[in-house]
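Some notes on the structure that comes next.
The values are calculated or read from the model by the stated rules, or taken from the named source; none is laboratory data. Keep in mind that what you see is a predicted model, and the values were worked out from it rather than measured. Note: ideal-geometry Cβ built from the backbone for every residue, glycine included; neighbour counts use all protein chains shown. All accessible areas refer to the heavy atoms of the entire protein, side chains included, with ligands and DNA or RNA removed. Shrake-Rupley method; radii C 1.70, N 1.55, O 1.52, S 1.80 Å.
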Amino acid sequence: MSYEGESFWGVTDDALAEVGRKRQIGLSVSSFLVLPDVLAISDMIAVVPARLAYADARMQVLPPPLPIKGFTKSMAWHERTHRDPAHQWLRNVVYDISQKKAQH
């Protein structure tokens, strides 16, 4: 999964590098939500958030063979709502809550 479509280094790569391994990338998608459909019709595997893995009954879910740190969360919105006061308020609330959780 790559938001930019070209940057392929992440927490899974960090974990693999610590044990002298690296992954082979067969496909990049811009959203985790696409992965269940891709995995269902291919022989690929993916490291995904547990909530996503268990949400689709087609998936065979196994824990990764090495510890992998959590994923970075991102907010995204369409440009047309960027200056909307209600949307700005909601983004600020979500951001403030995430900062408070990060401090604990």
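How about the stretch 45-91: which trypsin sites (Lys or Arg not before Pro) there are in a DSSP loop, with at most 13 other Cβ atoms within 10 Å of their Cβ?
Sites meeting the loop and neighbour criteria: 58, 69, 73, 83.
Considering the values [x] 13.7; [y] 16.3; [z] 14.4, which represents Kirkwood radius over Cα pairs in Å as calculated for the structure under consideration?
Recomputing Kirkwood radius over Cα pairs in Å here gives the entry labelled [y].
Normalised by the number of residues in the chain, what is the relative contact order in percent for Cα pairs under 8 Å and 6+ residues apart?
Taking the mean separation of contacting Cα pairs over the length of the chain, I get 24 percent.
Put +1 on the Cβ of every Lys and Arg and -1 on every Asp and Glu Cβ in the chain; which of 88, 62, 33 then has its Cα farthest towards the positive end of the dipole?
88
So how tilted is helix 85-103 from the main axis of the chain? Cα-based, degrees 0 to 90, rounded to 10.
50
Just grab the label-to-label distance for residue 31 and residue 76, each label 7 Å out from Cα along the Cβ direction, in nm (one decimal).
With each label placed 7 Å out from Cα toward Cβ, I get 0.7 nm.
So if I place +1 on the C-beta of Lys and Arg and -1 on the C-beta of Asp and Glu, and nothing else carries charge, what would the dipole magnitude of the chain be about its Cα centre? I want it in debye, nearest 20.
320
Which chymotrypsin sites (Phe, Trp or Tyr not before Pro) in the stretch 1-100 pass both tests, a DSSP loop state and at most 13 other beta-carbon atoms within 10 Å?
Sites meeting the loop and neighbour criteria: 3, 8, 9, 77.
Per residue, how large is the accessible surface of the stretch 9-56? Use a 1.4 angstrom probe and give square angstrom.
75
How much of the accessible area of the chain, in percent, comes from carbon and sulfur atoms when a 1.4 Å probe is used?
Result for the chain: 57 percent of the exposed heavy-atom area is carbon or sulfur.
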